[in-house]
1. Using the structure shown, decide if Leu53 is closer than 19 Å to Leu99 by Cβ and buried (at least 21 other Cβ atoms within 10 Å of the Cβ).
2. Are any residues in the range 57-82 farther than 27 Å from Arg140 by Cβ, open to solvent by less than 60 Å² (accessible area, probe 1.4 Å) and either basic (Lys, Arg) or not in a strand (DSSP E or B) (or both), and if so, which ones?
3. Can you tell me how many residues within the range 129-152 are among the β-branched types (Val, Ile, Thr) and either in a helix (DSSP H, G or I) or open to solvent by less than 10 Å² (accessible area, probe 1.4 Å) (or both)?
4. Does the range 100-110 contain any residue that is outside any helix (DSSP H, G or I), in contact (Cβ under 8 Å) with a residue 40 or more places away in the chain, in contact with a helix residue (DSSP H, G or I) (Cβ under 6 Å, 6 or more places away or on another chain) and surrounded by 17 or more Cβ atoms within 10 Å (Cβ to Cβ)?
5. Counting only residues that are assigned to a helix (DSSP H, G or I) and free of Cβ contacts under 8 Å to residues at least 12 places away in the same chain, which one in the range 114-128 is farthest from Lys22 (Cα to Cα)?
6. Count, please, the residues in the range 1-32 that happen to be in contact with a helix residue (DSSP H, G or I) (Cβ under 9 Å, 6 or more places away or on another chain), hydroxyl-bearing (Ser, Thr, Tyr) and either in a loop (DSSP other than H, G, I, E, B) or open to solvent by less than 20 Å² (accessible area, probe 1.4 Å) (or both).
7. Output the number of the condition that Arg91 fails; it satisfies all remaining conditions of (1) in contact (Cβ under 8 Å) with a residue 12 or more places away in the chain; (2) closer than 25 Å to Asp28 by Cβ.
8. Determine the pairs where a residue that is within 15 Å of Ser94 (Cα to Cα) and touching a residue at least 24 places away in the same chain (Cβ under 8 Å), located within the range 12-27, has a partner that is acidic (Asp, Glu) and open to solvent by 20 Å² or more (accessible area, probe 1.4 Å) with Cβ atoms under 7 Å apart, the partner being 6 or more residues away or on another chain.
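The values are calculated or read from the model by the stated rules, or taken from the named source; none is laboratory data. Not measured: the values here are computed from a predicted model. Backbone-built Cβ (ideal geometry, glycine too); neighbour counts: all protein chains shown. Ligands, DNA and RNA are excluded from the accessible area calculation, which covers all protein heavy atoms including side chains. Shrake-Rupley method; radii C 1.70, N 1.55, O 1.52, S 1.80 Å.
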Amino acid sequence: MTQALPILSLAETRVLGVLAEKQRTVPDSYPLTLNSLVSGCNQKTSRNPVLELNEAQVQATVDSLKGYSLVAETSGGRAFRYEHNIDRVLRIPSQSVILLTVLMLRGPQTAGELRIACDRMHNFADISSVEGFLDELAERPAGALVVKLARLPGARESRWAHLLSGAPAEELAGPAGASAEGAYASHDAPLGEVAALKANVARLEAELASLKALLGRVCSELGISPEAG
């Protein structure tokens with residue numbers, strides 16, 4: 001990498017996750033058309049939270065990721081198609097890309113959950129193998145890409161979360177003993193409400209990305225810089 005990776009929005013990690021997932025689960029359809037990408041982003045299964053992004057929002061998100069070289073556009077048939085460049089940009093092995101993919105699509109997971117969820121994309125020999133790749137991602141010299149979260153009350157295993165969107169809420173809340181009310185507030189809310197809030201945030205982020213892309217095109221046509229004003 002020649003530059004630091006930006007903090008990605010929920011919509012951006014969803015698009016990246018879908019591209020990486022479909023590359024391995026439906027290789028005959030990869031790279032994906034915009035319509036296929038929208039369907040994958042809004043899929044009801046194996047997604048947390050479930051989102052409802054429209055075509056314009058996904059296109060704006062793709063354009064944003066292209067600016068980071070994380071997504072590339074190719075022409076095939078009558079429609080443009082899109083593919084991810086996660087492994088080349090982050091310089092990590094395919095097994096690590098797959099683990100990040102599941103974390104981007106499903107949220108925090110234990111090593112055991114990750115092994116099961118990754119099965120269609122890669123068959124990890126055992127949980128120790130999963131933990132080995134997670135440890136490498138957490139100790140990556142260029143910057144950690146995952147973090148091991150504090151174990152929840154009553155849980156037998158700790159969960160892992162990706163850091164592509166910055167520190168997860170569990171980490172920002174602080175140590176478990178510091179403030180039970182603050183540290184576990186997110187777990188007190190009904191999961192449906194939390195998912196709905198996350199979906200609304202993703203929608204707003206995508207709309208903002210769409211407006212930025214539109215502003216960029218207008219400024220380009222007028223021959224002025226977006227920062228000029």
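1. So Leu53 does not fit the description; no.
2. First pass over the range 57-82, keeping only residues farther than 27 Å from Arg140 by Cβ: 57-60, 63, 73-81.
Of the ones still in play, those that are also open to solvent by less than 60 Å² (accessible area, probe 1.4 Å) are 57-60, 63, 74, 76, 79.
Of everything in the range 57-82, those that are farther than 27 Å from Arg140 by Cβ, open to solvent by less than 60 Å² (accessible area, probe 1.4 Å) and either basic (Lys, Arg) or not in a strand (DSSP E or B) (or both) turn out to be Gln57, Val58, Gln59, Ala60, Asp63.
3. The first filter runs over the range 129-152 and keeps only residues among the β-branched types (Val, Ile, Thr), leaving 130, 146-147.
Subset that is either in a helix (DSSP H, G or I) or open to solvent by less than 10 Å² (accessible area, probe 1.4 Å) (or both): 130, 146.
Number of matching residues: 2.
4. No, the range 100-110 contains no residue that is outside any helix (DSSP H, G or I), in contact (Cβ under 8 Å) with a residue 40 or more places away in the chain, in contact with a helix residue (DSSP H, G or I) (Cβ under 6 Å, 6 or more places away or on another chain) and surrounded by 17 or more Cβ atoms within 10 Å (Cβ to Cβ).
5. Quick first cut of the range 114-128, residues assigned to a helix (DSSP H, G or I) only: 114-117, 127-128.
Narrowing further to those that are free of Cβ contacts under 8 Å to residues at least 12 places away in the same chain: 116, 128.
Working: Ile116: 17, Ser128: 26 Å.
Ranking the candidates gives Ser128 first.
6. Qualifying residue count, the range 1-32: 3.
7. Of (1) in contact (Cβ under 8 Å) with a residue 12 or more places away in the chain; (2) closer than 25 Å to Asp28 by Cβ, only one is false for Arg91: (2).
8. The qualifying pairs are Leu19/Glu83.
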